[in-house]
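Engineer: What follows is a structure written as structure tokens; I'll ask about it next.
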Amino acid sequence: MNAHTADVVIIGGGIVGSSIAWHLTAAGCKNVLVIERESAQGKGSTGKSMGGVRAQFSTPVNIQMSLYSIPFYARFEETLGHPSGYRDQGYLFLATKDSHMAYLRSNFERQRALGLKTVRMVEAGEIASMLPQLHSGDILGGSFCSTDGFVDPYSVMTGFMACAVDHGATLWKKTDVTGIVTETSAAGHAVSGVETSRGTVGTRVVVNAAGAWAAQVAKFAGFDLPVEPLRRMLVPSEPFDDFPHSSPMVIDMSNGFHFRPEGRGFLLAWNDPEETSSYNTDFEPAFIEKILTLAANRVPAFENLAVNPKRAWAGLYEMTPDHHSILGPVPGLEGLFLANGFSGHGVMHAPATGKIVSDLILHGKTAVVDDVSVLNFDRFAKGALLHETAVL
Ligand SMILES: Cc1cc2nc3c(=O)[nH]c(=O)nc-3n(C[C@H](O)[C@H](O)[C@H](O)COP(=O)(O)OP(=O)(O)OC[C@H]3O[C@@H](n4cnc5c(N)ncnc54)[C@H](O)[C@@H]3O)c2cc1C
């Protein structure tokens, strides 16, 4: 006999677990228990995120997840009574090669066909007049989506969780999930509970929302999940007024450097190709010189950008082999659902993920995307990998 029971147990109280908890309670499933091992929410990747949200992806499933999530963020405060911090300042991709232009154009056509009205191709001259501070000699053109932008991930996460708790969910902090209990009967192999540092909880449904630690949780159920941690570093600048604070997220496709306004300064990001998988979240001081060189090459005025290395930070992306999330049930183990492997897009796709996972648990199907099965775990065994090149 278990001291505790729940209809659904969610492992991980980051933005993804919180969104799933809210979507479940909003759909009437009240007895939801979220288990977080840290003493506070946000100590995983969510609290380290850049907060970018965009619908400018290349695959239909990623585009459709954003088409649910971004309007959801725009209405977040109306729906949940908490701010999301959504700012529709856009994402501007800068192409410096013909191949970039061809790629952006084919994405643009797919995005429009799926109903994204706010994306457009932009010519080099328009980019130069939008942001004359850019070094634009090598820019051939680009694409811009005005409803892309930024949110405050911490505020979204705590808003989702506070509302879920108001609707009946429970959050346990400082509680480690240490095992998944299963049973085998004539009906098959099924989840019957989780083991935690507070004792066993009986449940028929468990969601793995453990972010970069998802593979460890999958091991509790006896299988290998291809989700690997990868360090990402961000560098905030000191206040700087020689570039507009109304700027979109700007992505330099020549090298992947990107930046956006943050407070009175700018937040600089670049995915260093030399990083290899690990749980290291130490900020590497040598990164500053590398990123400032990229920054000044694209924005000459950034030559004078001051940064304080003590304010820079690192966190973990949760990478899958095809840079797409893994969503849905686990074949052969009734009751275990995955919400993992967002490959750096977990904030922007948290609302859609919450709705999809809640729909799959409660109804076995979802209308958020045309074909959610493309994100199933069994795509790896089948060799049916997806291909998303727009990873930032
Ligand atoms: C530098 C950086 C910049 C980023 N920028 C963006 C961006 O611009 N846009 C975007 O969409 N995404 C971005 N991301 C990615 C985004 O932050 C993640 O995809 C997202 O936060 C994942 O949310 P999550 O809830 O799955 O994971 P997390 O926030 O990591 O939450 C998982 C939680 O599970 C808990 N947990 C793990 N194991 C256990 C266990 N055994 N028992 C109990 N609890 C457990 C952890 O403590 C953690 O709190 C960025 C990430 C980084 C690091």
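Engineer: Could you work out how far helix 350-363 tilts from the main Cα principal axis of the chain, as a 0 to 90 degree angle to the nearest 10?
Structural biologist: Its long axis makes an angle of about 30 degrees.
Engineer: Who wins for biggest fluctuation among 188, 17, 115 in a Gaussian network model of the chain, springs between alpha carbons below 10 Å?
Structural biologist: 188
Engineer: In the range 33-61, which residues have a backbone nitrogen under 14 Å from the label point lying 7 Å from residue 170's Cα in the Cα-to-Cβ direction?
Structural biologist: Once the point is set 7 Å along Cα→Cβ of residue 170, 33-36 turn out to lie under 14 Å by backbone N, inside the range 33-61.
Engineer: If you average 1/r over all unlike Cα pairs in the range 67-114 and invert the result, what Kirkwood radius do you get in angstrom?
Structural biologist: So the Kirkwood estimate lands at 13.1 Å.
Engineer: Shifting gears a bit: Distances longer than 19 Å among the Cα atoms of the range 7-135: what percent of all pairs is that?
Structural biologist: Of all Cα-Cα pairs in the range 7-135, 63 percent lie more than 19 Å apart.
Engineer: Could you provide, to the nearest whole Å², the per residue accessible area of the range 157-297 with probe 1.4 Å?
Structural biologist: On a per-residue basis, the range 157-297 sits at 42 Å².
Engineer: What are the semi-axes of the equivalent ellipsoid of the range 285-363, taken as the square roots of 5 times the eigenvalues of the Cα gyration tensor, listed largest first and rounded to whole Å?
Structural biologist: After diagonalising the Cα gyration tensor, the semi-axes are 40, 13, 11 Å.
Engineer: Under the Karplus relation 6.51 cos²θ - 1.76 cosθ + 1.60, θ = phi - 60°, what is the ordered set of whole-Hz ³J(HN,Hα) values for the range 276-286, x standing for Gly and Pro?
Structural biologist: 10, 4, 5, 8, 5, 10, 6, 6, 9, x, 5
Engineer: Further question: Give me the orientation-averaged projected area of the Cα convex hull of the range 26-99, in nm², one decimal.
Structural biologist: If you wrap the Cα atoms of the range 26-99 in a convex hull and average its projections, you get 8.0 nm².
Engineer: Determine the principal axes of the Cα atoms in the chain, then give the extent along each, sorted from largest to smallest and rounded to whole angstroms.
Structural biologist: 69, 44, 41
Engineer: While we're looking at this one, here's another question. If one computes the Cα centroid of the range 268-314 and of the range 188-248, what distance in Å separates the two points?
Structural biologist: Between the Cα centre of the range 268-314 and that of the range 188-248, the gap is 24 Å.
Engineer: Once you have the alpha carbon radius of gyration of the range 212-320, what is it after dividing by 2.2 N^0.38 Å, with N set to its residue count?
Structural biologist: This ratio for the range 212-320 stands at 1.25.
Engineer: Here is a follow-up. How big is D, in µm² s⁻¹, for the range 115-273 by Stokes-Einstein at 20 °C and 1.002 mPa s if Rh is the Kirkwood radius over C-alpha pairs?
Structural biologist: 104 µm²/s
Engineer: How far is helix 60-74 tilted, in degrees, relative to the longest principal axis of the Cα atoms in the chain, given as a value from 0 to 90 rounded to the nearest 10?
Structural biologist: 90 degrees
Engineer: Between residue 110 and residue 184, what is 0.36 nm times their sequence separation minus the Cα-Cα distance? Round to one decimal in nm.
Structural biologist: Length gained between residue 110 and residue 184: 22.2 nm.
Engineer: Could you work out the helix-only [θ] at 222 nm for the chain, with each DSSP H run of four or more residues adding -39,500 (n - 2.57) and the total divided by the number of residues, to the nearest 500 deg cm²/dmol?
Structural biologist: Using -39500 (n - 2.57) per qualifying helix, the result is -8000 deg cm²/dmol.
Engineer: Name the trypsin sites (Lys or Arg not before Pro) in the range 107-200 that are in a loop by DSSP and that have at most 15 other C-beta atoms within 10 Å, would you?
Structural biologist: Listed in order of number, the matching sites are 117, 173, 174, 198.
Engineer: Could you work out how much longer the chain between residue 311 and residue 197 gets when fully extended? Use 0.36 nm per residue separation minus the Cα distance between them, nm to one decimal.
Structural biologist: Difference between extended and current length: 37.6 nm.
Engineer: Heavy-atom accessible area per residue, the range 17-102, 1.4 Å probe: how many Å²?
Structural biologist: On a per-residue basis, the range 17-102 sits at 34 Å².
Engineer: Around residue 82, what is the net charge, scoring Lys/Arg as +1 and Asp/Glu as -1 over all other residues with Cβ under 13 Å from its Cβ?
Structural biologist: -3
Engineer: Out of the total accessible area of the chain (probe 1.4 Å, heavy atoms of protein only), what percent is carbon and sulfur?
Structural biologist: 51 percent
Engineer: Now a separate question. Under a 1.4 Å probe, what is the accessible area of the range 323-392 per residue, stated in Å²?
Structural biologist: Each residue of the range 323-392 exposes 36 Å² on average to a 1.4 Å probe.
Engineer: Using 0.36 nm per residue, how much length does the chain from residue 7 to residue 293 gain when fully extended, once their Cα-Cα distance is taken away?
Structural biologist: 97.7 nm
Engineer: Are there trypsin sites (Lys or Arg not before Pro) in the range 303-392 that DSSP marks as loop and that have at most 15 other Cβ atoms within 10 Å, and which are they?
Structural biologist: Passing both the DSSP loop test and the Cβ count: 365.
The values are calculated or read from the model by the stated rules, or taken from the named source; none is laboratory data. What you see is a predicted model; the values in this text were computed from it and never measured. We place every Cβ from the backbone using ideal geometry, glycine too, and count neighbours over all the protein chains shown. Remember, those area values only see protein heavy atoms, side chains included, never the ligands or the DNA or RNA. Shrake-Rupley method; radii C 1.70, N 1.55, O 1.52, S 1.80 Å.
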